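*Asks:* Quick one: the structure is below, and I'll ask about it shortly.
The values are calculated or read from the model by the stated rules, or taken from the named source; none is laboratory data. Everything quoted here is computed from the prediction, not taken from an experiment. Heads up, the Cβs are rebuilt from the backbone with ideal geometry, glycines too, and the neighbour counts pull from every protein chain shown. Just so you know, the surface numbers come from the protein's heavy atoms only, side chains and all, with ligands and any DNA or RNA stripped out. Shrake-Rupley method; radii C 1.70, N 1.55, O 1.52, S 1.80 Å.
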Amino acid sequence: MLKVMNTTNQVLVTVRPFGDWVRASERVLAAGATLCLETFGIEDHIEELWNQGLSLLISRISFVSCRDVAVAQSILSLVTSQQLIAAQSPRVIIPFSKVTHDQLEALKSLHPIPRLSSILEVEQFSTSPWGEAEDRLVLIEGYESGGLCGSDSQYILFQKAISSLGNCRIIVSGPIGLLSFSALNSQGIFSILLDEQTLLLQDSYLPLRSRKILNRVNGRQSIVLRSGTDPSLDVRCICLPGKDSPGYLFGSTIEAPQLNELATWSSDWIFPVGEGIDLAKDFSQQYRTLGRLISAYRSIKVNSTSATSHPNTIATQFGVKYPIIQGPMSRVSDTAEFAASVARGGALPTIAAAMLTAEALEKILIQTADLIPYLPWGVGLLGFIDSTHLKSQISVLKRSKASFCILAGGTPAQAKEIASQHLRVFIHAPTPELLDLFIKEGWRDFILEGRECGGHIGPLSSLNLWERSIRVVLGQSKAVSRDVCLVLAGGIHDEASAAFAAYMVQDLVKTGATCGLLVGSAYLATREIVEDRAITRTYQEVSLQCSNTVFLETSPGHQSRCADTAFSREFNSLRDELVKAQVPVREISSRLDQLILGRLRLASKGLQRGEGGLVAVTENDQLQLGMYMLGEAVCLINDQTTIHQLHESIRNGLETPARRAQQDISERAQPAGVVSEYRGQHDIAIIGMSCKLPGANDPEQFWNLVLQARNQIKEIPEDRWSITDFYSADPKETNKIHSKWGAFLDAVQFNPIEFGLPPQSLSSIDPAQLLALVCVKEALQNAGYPEDCLYDRESTCVVLGFSGGLGELG
Ligand SMILES: Cc1cc2nc3c(=O)[nH]c(=O)nc-3n(C[C@H](O)[C@H](O)[C@H](O)COP(=O)(O)O)c2cc1C
């Protein structure tokens, strides 16, 4: 069940006490945002910081982010010792798992806010004493974020939080762009915490030196390291190769000195940043300053009333009921029966060619064509496998009745080779940069699969990839964007996840582009996938019971997402051992590739290659030895479902924006009495006024006239025009005016240079427009906004009234 939309557009901004942090803090506050101080790395220097300026800022800092209770307590004691406790004291954001119930009691006066960064934590929180607090505010942060990070992605974590923490106000932190923010708002979040997004702005607190380096990196380079000082801490960072750099690999351990350098931004080669750095680069070009960026976030409205009720989708293009592609799954979606069940269920099935021989593939494709002769289906190819093998698969595919192909790890050149009049090819675009390149090369059909997905995973998480890729398409010419088809994948499995995706593509569908969703892991929970022998019941049970997924990384960047099982643990301990022994990367890769050989089939089909061919294994061996590839979404799926239920829930989600738009329209059409109930809830304040009225050059003078009841009607003054020339008392006389009375403004001084106008242009400008300029300037001054002052321009509005010069109507 989705929550009611929240349109408060609260924005919190993180500032770290480095570089020009006091000035950056002032700017955050001037832009109308809420200030959050991050203390990671300065735990031992709080008192020093206090003397540097924190004591002056503290009453305006609303949130302080702490690594543990000790830090929170030292802030508490400082605030208390300064007797500020009676005034506003900040709320502390603190890792949920690091606080005991007793410590919680001690922190009560600082109103702690738990930071939740894994699904497990969300579940534990909902049943813990924390959950009993009156003002239930929680902060959730996915593993994409730099610095201390959790284990689950933002997209999945948010879905879990929204379903489990029904009556909490949720703050979301991480690489959330404007489209994702709009989608989050649609599902009722309280606020967003901006952090990495702001790092590269002109007025960021970061020293120029760090900004210059970070401008050259990207989020794909970020890796997760384990802290050597505290095994429960994981840190996401970008670690540049070079002098002094140990060249960390994903999952290596970082020791105390480097961790300290990382946290204090004092190194030139390691930085606590994650995927958000990509947004930071985009924003530094687009918005340049904190004020503008904050305004852009604050101006986001969940614009449901303009939702497109009939967006172009792949359902229409392929003539099926649902705009859903079932993603190709190696060793899983390789039975004609399962493809037939998905197709009969109204979606688009895909057979995974993976490493199948051409003969084996052809057999399945012929069976599929026989089973569903009139329904569309596709084939998934891997563009990176041995080229002779791939060529043989392509020739089988071309002879088949398939309607489309999904090409993972491939290029437009390969896609051109595969495509024909009857065969459409969707290429995986793993990054926005590649998407842009592929579009330039003339390709239009794409899969955007975030790393939440099951199987081999790409470099970027769904929200980051979708957000920035959609922007790439929005930046194309109209002729190009309306031809583009984007299919979103990675973590989509139900109504809420599909609704989220539907909100993200709102702007895109307005360009006429086509959209669709691709789903893989959620099918693992369907009744049909077992009945059609695509997977064994054991595989399904592992999937339904899975509450944590892990990466198996065979070589740097080459990762597969799997369930946390005996085999995953065996794999990772061998990998750790080899890394520790400094075995060359190439050798590590080949040992690990050898280890996983045949393990997916063992899990999915319960079969193992023996001397005489494939032989069945025991259920226990299947559990112990099998590799269970699956996506993060399975952590949110605990019950078996059917293909029909899965498709329907996704469809419901996709229709959410249009349905809400309809509700909004009906609510607006309510009688006036109902609307008046909402009066007073809008955040509008009139903070400045000005006027030019007859006898009154400002509101104060006008008010005095009103109080004194002084009429300003008088005879037309000679310096306006001559009564003798224009006036006649005879109403029948033409070309004359028949009244010599009027109300007239006093002379207004106007300096054209001040407004950037060339003096010689004045004679061709309507005086009313010049007066409007003067009035607006005076209204802003009256509001306390002198020239060049920083204020939130996006949420400031000037309402201008004008009358006069309209004869008797004026
Ligand atoms: C067991 C398994 C095997 C997969 N094998 C492939 C594959 O061979 N080719 C491919 O393009 N994608 C493969 N994928 C990815 C899916 O096609 C799909 O893109 C992904 O599952 C979508 O994300 P989701 O799992 O969050 O729904 C696989 C996924 C799973 C779960």
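*Asks:* Of all residues in segment 453-496, which are under 13 Å from the mean Cα position of the chain (by Cα), in a helix (DSSP H, G or I) and closer than 20 Å to Leu630 by Cα?
*Replies:* Correct list: Ser462, Leu463, Leu465.
*Asks:* Those residues that are within 14 Å of the ligand (Cβ to nearest atom) and not acidic (Asp, Glu), I need them from segment 624-638; list them, please.
*Replies:* The answer is Gly626, Met627, Tyr628, Met629, Leu630, Gly631, Ala633, Val634, Cys635, Leu636, Ile637.
*Asks:* Consider Pro432 against the criteria (1) more than 16 Å from the ligand (Cβ to nearest atom); (2) surrounded by fewer than 22 Cβ atoms within 10 Å (Cβ to Cβ): it satisfies all of them except one. Which criterion is unmet?
*Replies:* Among (1) more than 16 Å from the ligand (Cβ to nearest atom); (2) surrounded by fewer than 22 Cβ atoms within 10 Å (Cβ to Cβ), the lone unmet condition for Pro432 is (2).
*Asks:* Report, by residue number, each residue of segment 205-220 that is open to solvent by 70 Å² or more (accessible area, probe 1.4 Å) and under 12 Å from Asp20 (Cβ atoms).
*Replies:* Leu208
*Asks:* Taking the condition of being within 16 Å of the ligand (Cβ to nearest atom) and over 18 Å from Leu518 (Cα atoms), how many residues in segment 639-659 meet it?
*Replies:* 0
*Asks:* State which residue pairs qualify: first residue on the phi > 0 side of the Ramachandran plot and inside segment 520-532, second residue outside any strand (DSSP E or B) and near the ligand (Cβ under 7 Å from one of its atoms) in any location, beta carbons under 7 Å apart, and separation of 6 or more residues or different chains.
*Replies:* Final answer for the pair search is none.
*Asks:* Which residue pairs have Cβ atoms under 7 Å apart, sit 6 or more places apart or on different chains, and have a first residue in segment 404-415 that is free of Cβ contacts under 8 Å to residues at least 40 places away in the same chain and a second that is more than 13 Å from the ligand (Cβ to nearest atom) and part of a loop (DSSP other than H, G, I, E, B)?
*Replies:* Pro412/Glu441; Pro412/Gly442; Pro412/Trp443; Ala415/Trp443
*Asks:* Here's another thing I want to ask about it. How many residues are polar (S, T, N, Q) and in contact with a Pro (Cβ under 9 Å, 6 or more places away or on another chain) when one looks only at segment 411-470?
*Replies:* Result for segment 411-470: 4.
*Asks:* What are the residues in segment 381-404 that are aliphatic (A, V, I, L, M), outside any helix (DSSP H, G or I) and either at pLDDT below 95 or within 14 Å of the ligand (Cβ to nearest atom) (or both), if any?
*Replies:* Leu381, Leu382, Ile385, listed by residue number.
*Asks:* Do we find that Leu600 is at negative phi, assigned to a helix (DSSP H, G or I), away from the ligand (no atom under 16 Å from the Cβ) and open to solvent by less than 80 Å² (accessible area, probe 1.4 Å) in this structure?
*Replies:* Against the criterion (at negative phi, assigned to a helix (DSSP H, G or I), away from the ligand (no atom under 16 Å from the Cβ) and open to solvent by less than 80 Å² (accessible area, probe 1.4 Å)), Leu600 does not qualify.
*Asks:* Of everything in segment 406-452 that's in a loop (DSSP other than H, G, I, E, B) and charged (D, E, K, R), which residue is nearest to Asp152 (Cα to Cα)?
*Replies:* Glu452
*Asks:* Checking His493 against (1) in contact with a strand residue (DSSP E or B) (Cβ under 9 Å, 6 or more places away or on another chain); (2) more than 12 Å from the ligand (Cβ to nearest atom); (3) in contact (Cβ under 8 Å) with a residue 40 or more places away in the chain, which single condition isn't satisfied?
*Replies:* Here His493 clears every test but (2).
*Asks:* Exactly one condition in (1) within 21 Å of Ser604 (Cβ to Cβ); (2) among the aliphatic types (A, V, I, L, M); (3) more than 16 Å from the ligand (Cβ to nearest atom) is false for Ala581; which is it?
*Replies:* The single condition Ala581 does not satisfy is (1).
*Asks:* Does segment 513-527 include one or more residues that are away from the ligand (no atom under 15 Å from the Cβ) and either touching a Gly at 6+ places or on another chain (Cβ under 7 Å) or open to solvent by less than 10 Å² (accessible area, probe 1.4 Å) (or both)?
*Replies:* For segment 513-527, residues away from the ligand (no atom under 15 Å from the Cβ) and either touching a Gly at 6+ places or on another chain (Cβ under 7 Å) or open to solvent by less than 10 Å² (accessible area, probe 1.4 Å) (or both): present.
*Asks:* Hey, another quick one. Can you tell which of Leu184, Leu208, Leu178, Leu193 is free of Cβ contacts under 8 Å to residues at least 12 places away in the same chain and more than 24 Å from Gln559 (Cβ to Cβ)?
*Replies:* Leu208 is the lone residue from the list that is free of Cβ contacts under 8 Å to residues at least 12 places away in the same chain and more than 24 Å from Gln559 (Cβ to Cβ).
*Asks:* Right, another one. Given (1) acidic (Asp, Glu); (2) within 14 Å of the ligand (Cβ to nearest atom); (3) surrounded by fewer than 17 Cβ atoms within 10 Å (Cβ to Cβ), where does Asp334 come up short, assuming only one miss?
*Replies:* Of the numbered conditions (1) acidic (Asp, Glu); (2) within 14 Å of the ligand (Cβ to nearest atom); (3) surrounded by fewer than 17 Cβ atoms within 10 Å (Cβ to Cβ), the odd one out for Asp334 is (3).
*Asks:* Looking at (1) crowded, with 24+ Cβ neighbours inside 10 Å; (2) away from the ligand (no atom under 14 Å from the Cβ); (3) closer than 20 Å to Met329 by Cβ, find the lone condition where Ser469 falls short.
*Replies:* Against the list (1) crowded, with 24+ Cβ neighbours inside 10 Å; (2) away from the ligand (no atom under 14 Å from the Cβ); (3) closer than 20 Å to Met329 by Cβ, Ser469 comes up short only on (3).
*Asks:* Name the helices (runs of 4 or more DSSP H) wholly within segment 92-167 that hold at least 2 residues that are under 24 Å from Val79 (Cβ atoms) and out of contact with any strand residue (DSSP E or B) (no Cβ under 9 Å at 6 or more places or on another chain)?
*Replies:* Filter on segment 92-167 gives 101-106.
*Asks:* Taking segment 446-466 as the search range and keeping residues that are open to solvent by 10 Å² or more (accessible area, probe 1.4 Å) and out of contact with any strand residue (DSSP E or B) (no Cβ under 7 Å at 6 or more places or on another chain), which one is nearest to the ligand (Cβ to nearest atom)?
*Replies:* The qualifying residue nearest to the ligand (Cβ to nearest atom) is Arg451.
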